[in-house]
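Peer 1: Handing you this structure, nothing more for now.
The values are calculated or read from the model by the stated rules, or taken from the named source; none is laboratory data. Since we're looking at a predicted model, the values are computed, not measured. No Cβ is skipped: glycine too gets one built from the backbone with ideal geometry, and neighbour counts run over all protein chains shown. Just the protein is used for accessible areas: all its heavy atoms, side chains included, with ligands, DNA and RNA removed. Shrake-Rupley method; radii C 1.70, N 1.55, O 1.52, S 1.80 Å.
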Amino acid sequence: PENPKRRSSMISRRDAYGHTPLILAVRAGKPETVTAVMTIRPSTILLKDEREESAYHWAARGNNASIIRRLHEREKSYFDWLATTYPGKPRQRSLLFDQDIAGVTPLMRAVQSGQLAVVKAIVEVEPSALFEVSNEDDGWTALNYAGRYDTPATQAIIEFFVQVDTKKELARPSDLGSAFFIALINGNTDAAISIARGWPLSVDYPCFLGT
């Protein structure tokens, strides 16, 4: 019979790009394989590729909302176990908040890729992920990415953000200007109009592009 320890160690291996079996299963859109891998070794959720992208980042690239929910469910169970087993240690935050080497979170990647269902799934399981600010990309939020990248789903994504951002905190000044100005400068007129309607104050934020 197969040695379970050997099977577990193989699940933590990486290819030349740092991709683990979990990341490869996510990329292939195989939710049952994702569950199987995380059942054998839950800690594999912590492993990232050479660009510091987690399994969540790869799920955000495709139309994999169900995989986002499955990853989060398994991740939460694993972190619950860690908290119980090691009560003196701070509880680990979901990797949905983690940024890759470019400062992009899974939510930002989903917005960039025009994946509305994934955007909704991420905000559903981790509402505060909506307000994460990029450490690398001039202080952008997910709304800045909606202004920058014009996809068939961009308008629907902005409308969703308007609905969930009840306190109007998502639009904020950044080092290169607000989401409104980012949209305007990149020729995304419809996005700029929607952002101005949803967050009127963003029109008044200074724009530093070209200065």
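Peer 1: Could you list, in sequence order, the residues of the stretch 48-74 that are touching a Ser or Thr at 6+ places or on another chain (Cβ under 6 Å) and open to solvent by less than 40 Å² (accessible area, probe 1.4 Å)?
Peer 2: Lys48, the sole residue that qualifies.
Peer 1: Something else now. In this structure, is Ser43 within 15 Å of the chain's Cα centre (by Cα), open to solvent by less than 60 Å² (accessible area, probe 1.4 Å), farther than 13 Å from Val118 by Cα and among the polar types (S, T, N, Q)? Even if it seems obvious, please write down each step before you answer.
Peer 2: Values: within 15 Å of the chain's Cα centre (by Cα): no; open to solvent by less than 60 Å² (accessible area, probe 1.4 Å): yes; farther than 13 Å from Val118 by Cα: yes; among the polar types (S, T, N, Q): yes.
No.
Peer 1: Run down Ala156, Ala171 and say which single residue is over 16 Å from His57 (Cβ atoms), at pLDDT 95 or above, over 11 Å from the mean Cα position of the chain (by Cα) and open to solvent by less than 60 Å² (accessible area, probe 1.4 Å). Outline the logic, then answer.
Peer 2: Details: Ala171 fails: at pLDDT 95 or above.
Being over 16 Å from His57 (Cβ atoms), at pLDDT 95 or above, over 11 Å from the mean Cα position of the chain (by Cα) and open to solvent by less than 60 Å² (accessible area, probe 1.4 Å) holds for just one of Ala156, Ala171, which is Ala156.
Yes/no per residue for (1) among the hydrophobic types (A, V, I, L, M, F, W, C); (2) over 28 Å from Ala156 (Cβ atoms); (3) buried (at least 20 other Cβ atoms within 10 Å of the Cβ):
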| position | (1), (2), (3) |
| --- | --- |
| Met38 | yes, yes, yes |
| Trp81 | yes, yes, no |
| Thr85 | no, yes, no |
| Ala117 | yes, no, no |
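Peer 1: I need the full set of residues from the stretch 57-105 which are assigned to a helix (DSSP H, G or I) and β-branched (Val, Ile, Thr), in order please. So that I can check it myself, show each step before the final result.
Peer 2: Filtering the stretch 57-105 for residues assigned to a helix (DSSP H, G or I) gives 57-61, 65-85, 95-97.
The answer is Ile67, Ile68, Thr84, Thr85.
Peer 1: I'd like the residue in the stretch 118-160 that is among the aliphatic types (A, V, I, L, M) and assigned to a loop (DSSP other than H, G, I, E, B) and, out of all such residues, is farthest from Ala171 (Cα to Cα). Can you show your working first?
Peer 2: We begin by selecting, within the stretch 118-160, every residue among the aliphatic types (A, V, I, L, M); these are 118-119, 121-123, 125, 129-130, 133, 142-143, 146, 153, 156-158.
The next check asks that each one be assigned to a loop (DSSP other than H, G, I, E, B); those that pass are 133, 153.
On the way: Val133: 11, Ala153: 19 Å.
That would be Ala153.
Peer 1: From (1) more than 30 Å from Gly147 (Cβ to Cβ); (2) modelled with pLDDT of 95 or more, pick out the condition that doesn't hold for Ile40.
Peer 2: Condition not satisfied by Ile40: (2).
Peer 1: With respect to Leu130, determine if the residue is open to solvent by less than 10 Å² (accessible area, probe 1.4 Å), within 11 Å of the chain's Cα centre (by Cα) and not small (Gly, Ala, Ser). Step through it out loud before you land on a result.
Peer 2: Numbers: open to solvent by less than 10 Å² (accessible area, probe 1.4 Å): yes; within 11 Å of the chain's Cα centre (by Cα): yes; not small (Gly, Ala, Ser): yes.
So Leu130 passes the test.
Peer 1: Let me ask you something else. Would you check if there is a residue in the stretch 13-20 being modelled with pLDDT under 90, open to solvent by 70 Å² or more (accessible area, probe 1.4 Å) and closer than 25 Å to Gly114 by Cβ? Full working, then the answer.
Peer 2: So in the stretch 13-20, the residues modelled with pLDDT under 90 come out as 13-19.
Those left that are additionally open to solvent by 70 Å² or more (accessible area, probe 1.4 Å): 13-14, 16-17.
Filter again for closer than 25 Å to Gly114 by Cβ, leaving 17.
Checking the stretch 13-20: at least one residue is modelled with pLDDT under 90, open to solvent by 70 Å² or more (accessible area, probe 1.4 Å) and closer than 25 Å to Gly114 by Cβ.
Peer 1: I want to confirm something. Restricting to the stretch 174-191 and keeping residues that are closer than 15 Å to Val111 by Cα and at pLDDT below 95, which single residue is surrounded by the most Cβ atoms within 10 Å (Cβ to Cβ)? Spell out how you get there, then give the answer.
Peer 2: Here is the first cut: in the stretch 174-191, the ones closer than 15 Å to Val111 by Cα are 179, 182-183, 188, 191.
If we keep only those that are at pLDDT below 95 as well, we get 179, 182-183.
Values: Ala179: 32, Ile182: 27, Ala183: 29.
Ranking the candidates gives Ala179 first.
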